[in-house]
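Visitor: Next up is a structure, given as structure tokens.
We did not get these values from a lab; they are worked out from the coordinates using the rules stated. Everything numeric in this text was worked out from a predicted model, so none of it was measured. Glycine gets a Cβ as well: all are built from the backbone with ideal geometry, and neighbour counts include every protein chain shown.
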Amino acid sequence: MGDECIFCKIVSGEIPAKKIFENEATFAFLDINPSAKGHSLVIPKNHHATMLDIPEAELKDVISTVQKVGAAIMKATNADGFNVLQNNREAAGQVIPHLHFHVIPRTIGDSLKLSFGSQKAEEEELKEYEKRVKEQL
Ligand code: AMP
Ligand code: ZN
């Protein structure tokens with residue numbers, strides 16, 4: 001598993017990357033095509049394709065590193081905030097099938113466009129999806 005995975009190769013050092021942090025379970029490096037200066041990726045060292053594939057304990061390790069890296073990136077870039085983005089599967093825009101969190105520094109007034117909450121839902125629709133999702137939890 002992970003033999004052909006570009007992020008596994010970054011962890012093993014087979015492919016170079018701008019590593020910013022590493023601990024026993026996680027690894028963080030600069031994104032090669034950044035959405036903003038300092039845009040970084042945080043990954044588990046073990047190969048897991050998506051958030052549904054990683055054991056919960058390992059996911060907690062990854063999130064701890066996201067928090068640490070987010071704080072450092074804000075200071076390093078004088079940012080006012082940062083986005084954490086994580087894509088699961090092709091339909092959601094995942095290109096590299098090794099779980100990763102994008103950490104993107106943001107400055108007030110920057111031109112980066114990430115759009116959420118652009119559609120208004122009717123009360124009936126919200127109720128229906130509240131019920132549907134709760135049934136799965
Ligand atoms: P995603 O669409 O969530 O799968 O994002 C994959 C991200 O990996 C993109 O933002 C790419 O720019 C980034 N990426 C791909 N190859 C490399 C690499 N060799 N080093 C650093 N970042 C990479
Ligand atoms: Zn991998």
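Visitor: Counting only residues 5 or more places away or on other chains, whose amide H sits under 5 Å from the amide H of Phe21 once H atoms are built in the peptide plane?
Guide: Counting only residues 5 or more places away or on other chains, the set is Ala28.
Visitor: Under a plain spin-label model, where a point goes 7 Å from the Cα along Cα-to-Cβ, how far apart in nm are Gln67 and Ala91?
Guide: Output for this residue pair reads 3.2 nm.
Visitor: What is the spread of the Cα atoms of the chain along each of their three principal axes, largest first, in whole Å?
Guide: Ordered largest first, the chain gives principal extents of 52, 40, 24 Å.
Visitor: Separate question: Per-residue counts of other Cβ atoms within 10 Å, averaged by peptide: what ranking do you get for 102-111, 117-126, highest first?
Guide: Sorting 102-111, 117-126 by mean packing, highest first, produces 102-111, 117-126.
Visitor: Calculate how steeply helix 123-135 sits against the longest principal axis of the alpha-carbon atoms of the chain, using the helix alpha-carbon long axis, and give the answer as 0 to 90 degrees to the nearest 10.
Guide: 60
Visitor: What lysines does Lys75 reach when the alpha-carbon gap must be under 21 Å and sequence neighbours fewer than 8 apart in one chain are set aside?
Guide: Lys18, Lys19, Lys37
Visitor: Another one. Starting from region 1-58, pick out the GluC sites (Glu not before Pro) whose DSSP state is loop and whose Cβ has at most 16 other Cβ atoms within 10 Å. Before the final figure, lay out the partial values.
Guide: On the way: sites: Glu4, Glu14, Glu22, Glu24, Glu56, Glu58; in loops: Glu4, Glu14, Glu24.
In loop regions of region 1-58 (DSSP not H, G, I, E or B), the sparsely surrounded GluC sites (Glu not before Pro) are Glu4, Glu14, Glu24.
Visitor: Along the Cα→Cβ direction, 7 angstrom out, place labels at Thr77 and Ser111. What is the inter-label distance in nm?
Guide: 1.6
Visitor: Calculate, for Lys18 and Ser118, the FRET efficiency according to 1/(1 + (r/R0)^6) with r their C-beta to C-beta distance and R0 41 Å; round to the nearest 0.05.
Guide: About 0.75, to the nearest 0.05.
Visitor: Which trypsin sites (Lys or Arg not before Pro) from region 5-45 combine a DSSP loop assignment with at most 14 other Cβ atoms within 10 Å?
Guide: Working: sites: Lys9, Lys18, Lys19, Lys37, Lys45; in loops: Lys18, Lys37, Lys45.
In loop regions of region 5-45 (DSSP not H, G, I, E or B), the sparsely surrounded trypsin sites (Lys or Arg not before Pro) are Lys18, Lys37.
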